[in-house]
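Let me begin by presenting the structure, written as structure tokens, before commenting on it.
Coordinate-derived values only; no laboratory data. From a predicted model like this one, the values you see are computed outputs, not experimental measurements. Glycine also receives a Cβ, built like all others from the backbone with ideal geometry; neighbour counts cover every protein chain displayed.
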Amino acid sequence: MKEIENIELSFLSLDDYQELKKAMIEAYESMPNSYWKEEQLKSLIDRFPEGQVVIKANDQIAGCALSIIVDYDKFGGRHTYKDITGNYTFNTHDPEGDMLYGIDVFIKPEFRGLRLGRRLYDYRKELCERLNLKGVAFGGRIPNYHKYAEEMTPKEYIEKVRRKEIHDPVLNFQVSNDFHPSKILKNYLEGDGDSNDYAVLLKWENIYYEKEEKKASSTKSVVRLGLIQWQMRPYTSLDDLMQQVEYFIDAVSGYRCDFALLPEFFNAPLMAENNHLSEPEAIRELAKHTETIVKKFSELAISYNINVISGSMPEMVGERLYNVGHLCRRDGSVERYEKLHVTPDESKIWGLAGGTQLKVLDTDCGKIGILICYDVEFPELSRILAEEGMDILFVPFLTDTQNGYSRVRHCAQARAIENECYVAIAGSVGNLPKVHNMDIQFAQSMVFTPCDFAFPTNGVKAEATPNTEMILIADVDLSLLRELNQFGSVRNLKDRRKDLYEVRKL
């Protein structure tokens, strides 16, 4: 598997043709000459440019998805690939149709295992919702069926695949992406000997479909947050710790979360191996792992298609020790943020220095801010971020006692009200008896909202069980923030007395 530095989803261009042709030949090795001609792709792009996308890894094509819109009633449940494509001319594309039909999707062998195919399917679903179509349909190959054709029917084969008694890489992948077998199509794709010319009609239903009204949206409105309430426990190695991290990221990704938030100093258990050193020396040894951990987080963000907020870790910059975190976006880009205010204990015990960077971070789900623990207790910081367009404020924290937690919790909830934004906080629980200055932790991860009619009356969208290792998942609707800003019972951002005071960044 190649090391991935960046991921990009873009519309297909004819300039990509030669590279795309080579990629198709590699992807369909068992089906010689299975590639589209340039004039066929031109026809697709001319008719429906939004439906033709490629995914690029390290600036080279890793996969592709092609689709058209059809009036599904004209074809019904029994059709062939030639029927649906108009004998490969795509004159069956109907802008006024009601179903997005998948013509082709593939990932090059060298890029498989990175869940890039799921991104292509997710794009189709989002396109379907945006265009207000009934759903997505396509004929799915069953490439392992030829191994069982003499002993079972296609129906029996599909049932065994669904029960995990037989492994079929294509059908398994499609079912795992919420596409449900609808019908067996006979003589669907000529030349598909691996499938014995059979295919499975797979469908995904758009639950937001409205027959009488078409709506389009270019930005994501509902964002799903995954908060990891992390258990502090001994780990034998960095690999051991990162295995637990991947477990949680896999879990929240499985629920299609857009963000995964870890707590402040989640990697503190690794200091146990240096517990014979002084506290300042031990945390500086911990800082040596930071670069490796950030690289691994970026790989996980790409692989699991989720934006990862890495909580925070110690980092040495020259001779100074900082508390920093990283936003690892699912497109492969990474951005650093700093803790600006260090607590008296952090300064006295570890010699931590306060950072200097405060900025809003752009993501594919809008603008976000990140304040590490103590920073959320300074309202000026979040106000500056709100003025720069922040919709969601993430607060990774670490508190040992319940009164320390209460300071973070109540200040975070205040930030949600005064800045008309969502605030998500995630902390650690448990004990570390073999790490100095990290004996006990108390946390209850939560998602806060403004307090108005469109939100929970107590301003709490979701809350974890206190002091228990778990994940917390919550959906937040950004469109409600826009409505609040304009029509809320109170309008904290609009009603500020800028004639009397201002908050600004130096």
Where GluC sites (Glu not before Pro) fall in DSSP loop in segment 7-48, at most 10 other Cβ within 10 Å: Glu29
Axial C-alpha extent at least 18 Å, average Kyte-Doolittle at least -1.0 - helices from the chain (DSSP): 238-254, 290-303
Shape category assigned to segment 168-248 from the gyration tensor of Cα positions, a/c cut at 1.5: oblate
Those lysines that a straight Cα-Cα span of less than 28 Å connects to Lys461, excepting residues fewer than 8 apart in one chain: Lys125, Lys215, Lys220, Lys339, Lys359, Lys367, Lys494
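Would you work out if the chain is rounded, prolate or oblate? Take a ≥ b ≥ c from the square roots of the eigenvalues of the alpha-carbon gyration tensor; rounded if a/c is under 1.5, else prolate when a/b is larger than b/c, oblate otherwise.
Values: a/c = 2.32, a/b = 1.71, b/c = 1.36.
Since a/c reaches 1.5 and a/b is larger than b/c, the shape of the chain is classed as prolate.
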Test item: Cα-centred dipole of segment 174-258, Lys/Arg +1 and Asp/Glu -1 on Cβ, debye: 420
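Using only alpha carbon pairs under 8 Å that are at least six residues apart, calculate the relative contact order of the chain and give it in whole percent. Write out the running numbers ahead of the final one.
Working: 1029 pairs, mean separation 56.8, N = 506.
The value is 11 percent.
Starting from segment 466-506, pick out the trypsin sites (Lys or Arg not before Pro) whose DSSP state is loop and whose Cβ has at most 10 other Cβ atoms within 10 Å. Write down the numbers at each step before the final one.
Working: sites: Arg482, Arg491, Lys494, Arg496, Arg497, Lys498, Arg504, Lys505; in loops: Arg491, Lys494, Arg496, Arg497, Lys498, Arg504, Lys505.
Hits after loop and neighbour filter: Lys494, Arg497, Lys498, Arg504.
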Footprinting exposure proxy for Val222, Val161 (fewest neighbouring C-beta atoms within 10 Å first): Val222, Val161
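Once the Cβ-Cβ distance between Asp83 and Arg130 is put in as r, and R0 is 22 Å, what FRET efficiency do you end up with, to the nearest 0.05? Each step should come with its number before you reach the end.
Values: r = 27 Å, r/R0 = 1.21.
Using R0 = 22 Å, I get an efficiency of 0.25.
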Options Leu185, Ser67, Asn132, ranked by Cα towards positive dipole end of segment 7-205, top entry (Cβ charges): Leu185
Furthest towards positive pole of dipole, His79, Leu44, Met31, structure part segment 22-87, Cβ charges: His79
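Count the lysine pairs in segment 1-89 whose Cα atoms sit under 15 Å apart, keeping only pairs 8 or more residues apart in sequence or on different chains. The partial results should precede the final answer.
Numbers: Lys2/Lys56; Lys21/Lys37; Lys21/Lys42; Lys21/Lys56; Lys22/Lys37; Lys22/Lys56; Lys74/Lys82.
Close lysine pairs under the 15 Å cut-off: 7.
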Rounded FRET efficiency, nearest 0.05, which uses the C-beta distance separating Asp477 from Tyr28 and R0 of 51 Å: 0.75
Placed amide H near Phe394: partners under 5 Å, 5+ positions off or other chain: Gly369, Ile370, Leu371, Ala424
J(HN,Hα) series, segment 187-195, from Karplus relation 6.51 cos²θ - 1.76 cosθ + 1.60, nearest Hz, glycine and proline x: 6, 6, 10, 5, x, 8, x, 4, 9
Mean separation of Cα contacts under 8 Å (6+ apart) over length of segment 222-487, as relative contact order %: 22
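Taking the Cα centre of the chain as origin and charging only Cβ (+1 Lys, Arg; -1 Asp, Glu), how large is the dipole, in debye to the nearest 20? Walk me through the numbers before you get to the answer.
On the way: 62 positive and 79 negative charges, 112 e Å.
Taking the Cα centre of the chain as origin, the dipole is about 540 debye.
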Paramagnetic label zone (point 7 Å from Cα along Cα-to-C-beta, Asn437; backbone N under 19 Å) in segment 373-398: 373-375, 397-398
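For each of Asp197, Asp168, Asp499, count neighbouring Cβ atoms within 10 Å of the residue's Cβ, then give the residues from fewest to most. Show your work: numbers first, answer last.
Working: Asp197 17, Asp168 24, Asp499 6.
Arranged by neighbour count, lowest to highest, Asp197, Asp168, Asp499 become Asp499, Asp197, Asp168.
Counting other beta carbons within 10 Å of each residue's own, what order do His410, His167, His289 fall into, fewest first? Before the final figure, lay out the partial values.
Numbers: His410 13, His167 10, His289 17.
Ascending number of Cβ neighbours within 10 Å: His167, His410, His289.
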